[in-house]
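The structure under discussion appears below in the form of structure tokens.
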Number of protein chains: 2
Amino acid sequence: MSSRFFTFSAVPRGPWRVLDQITVSGPSLPSASHIRVQAGPEAPAPSDWSLRGITSHERYVERAEREALAARQVGLGQPGHTCAALIPIRKNAAWWGLTQDERRRVLEEQSRHIRLGMNYLPQITRRLHHCRDLSDSEPFDFITWFEYAPQDAGRFDELVRELRQTPEWQYVEREIDIRLQAA
Amino acid sequence: MSSRFFTFSAVPRGPWRVLDQITVSGPSLPSASHIRVQAGPEAPAPSDWSLRGITSHERYVERAEREALAARQVGLGQPGHTCAALIPIRKNAAWWGLTQDERRRVLEEQSRHIRLGMNYLPQITRRLHHCRDLSDSEPFDFITWFEYAPQDAGRFDELVRELRQTPEWQYVEREIDIRLQAA
């Protein structure tokens, strides 16, 4: 069985070289030179810092959306996808105080988060990891890992710019944006 | 800040004495004589077995339901509530393969899970702990801890009997029911 658990570590040498690391909001993370992504529960290799998350069931997608997504999406590791982005975010207490119907309303009815991401499929692939329920004290709530080809880097910029303008992003209190290239 | 993380351990002596331990479905757990509930991330005391979970935001409750719940519910630790129940459950792959709207439909529109529990407030108090996203390999998905007065033990039986007859419970593949008394 493949693991649902992933660790992202800042290492001196590794498969993904950091091109750019921006603190979009909240406290920064120490600058990384390379990132290693490790699947499974084993302790990560020694590193400057590491973040961990677990893939889970979808929290907002409805049946019709899942079918539309399934028709377009492909997995990570596509040939030629030598660019990646690691974007950990943390949402504020107001977000976690909303009820399920209210979170869904902000995320999709107001912010079109699911639909926005769909517009960029299959060129931009992603895997979402949840952190919040791993322990009492995770620094982020979500870690998203994206992969795409160098010629789609501009489209990726457009996707994150669009998301950051949505009502949903008013609930984001910490966000780091790390862009990477296959080393 | 109070911890969201709890450990439930089978111990030879402790604050809650086991009156009855029934395997409702799936593999059993070794018989326990006492249960200790520990808040916080510290390693639990040596024990025969232990289960861990984390409280989290609500996954299904809508705004009107939360308000109705808030008007009736009280916290754990009420005076005279010397009875408790520890009920870990695991749901099957079919449940986790449903989309959010489908899970909500089974849980509330078909099974009246939220409404059922509300009928037993404030006499029967509860705390729900999530396990599934703590790691790759938790034995259960949820642990619910209930407290009530001895004179409400019959009503508690009624609540769990009603829940087990719902469509939602067709997705439960493992359930242990441990009844306890303050030692």
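The values are calculated or read from the model by the stated rules, or taken from the named source; none is laboratory data. These numbers were taken from a predicted model, which means no experiment stands behind them. Counting neighbours? That spans all protein chains shown, and the Cβs are built from the backbone with ideal geometry, glycine included. The area values use the complete protein model at the heavy-atom level, side chains included, leaving out ligands, DNA and RNA. Shrake-Rupley method; radii C 1.70, N 1.55, O 1.52, S 1.80 Å.
Remarks
- Each residue in segment B:143-159 was checked for being in contact (Cβ under 8 Å) with a residue 60 or more places away in the chain and surrounded by fewer than 18 Cβ atoms within 10 Å (Cβ to Cβ), and 3 pass.
- Residue list for segment A:71-103, restricted to those being of a type in the set (A, V, I, L, M), within 11 Å of another protein chain (Cβ to nearest Cβ) and exposed (fewer than 14 other Cβ atoms within 10 Å of the Cβ): A:A93
- Selection within segment B:39-57 - within 14 Å of chain A (Cβ to nearest Cβ), open to solvent by 40 Å² or more (accessible area, probe 1.4 Å) and closer than 28 Å to B:T82 by Cβ: B:A39, B:E42, B:R52
- Within segment A:1-28, tally of residues that are under 30 Å from B:W95 (Cα atoms), open to solvent by 40 Å² or more (accessible area, probe 1.4 Å) and not basic (K, R): 2
- Contact annotation: residue pairs with Cβ atoms under 7 Å, 6 or more positions apart or on different chains, pairing a residue in segment B:120-138 that is farther than 27 Å from B:D157 by Cβ and at the interface with chain A (Cβ under 10 Å from one of its Cβ atoms) with a partner that is open to solvent by less than 50 Å² (accessible area, probe 1.4 Å) and of a type in the set (F, W, Y), are B:S135/A:F5; B:D136/A:F5.
- Residue in segment A:167-175 that is within 14 Å of chain B (Cβ to nearest Cβ) and modelled with pLDDT of 95 or more present: yes
- Count of residues meeting criterion [within 12 Å of the chain's Cα centre (by Cα) and assigned to a strand (DSSP E or B)] in segment B:144-167: 4
- Which numbered condition A:S31 misses (of (1) open to solvent by 40 Å² or more (accessible area, probe 1.4 Å); (2) in contact (Cβ under 8 Å) with a residue 60 or more places away in the chain; (3) at negative phi): (2)
- Qualifying positions in segment B:60-70 - free of Cβ contacts under 8 Å to residues at least 24 places away in the same chain and either at the interface with chain A (Cβ under 10 Å from one of its Cβ atoms) or under 18 Å from the mean Cα position of the chain (by Cα) (or both): B:E62, B:R63, B:A64, B:R66, B:E67
- For segment A:15-132, the helices (runs of 4 or more DSSP H) that sit wholly inside it and include 3 or more residues that are of a type in the set (A, V, I, L, M, F, W, C) and more than 14 Å from A:F146 (Cβ to Cβ) are A:63-72, A:93-96.
- Scanning segment A:145-173 for residues that are in contact with a Ser or Thr (Cβ under 6 Å, 6 or more places away or on another chain) and not polar (S, T, N, Q) yields a total of 3.
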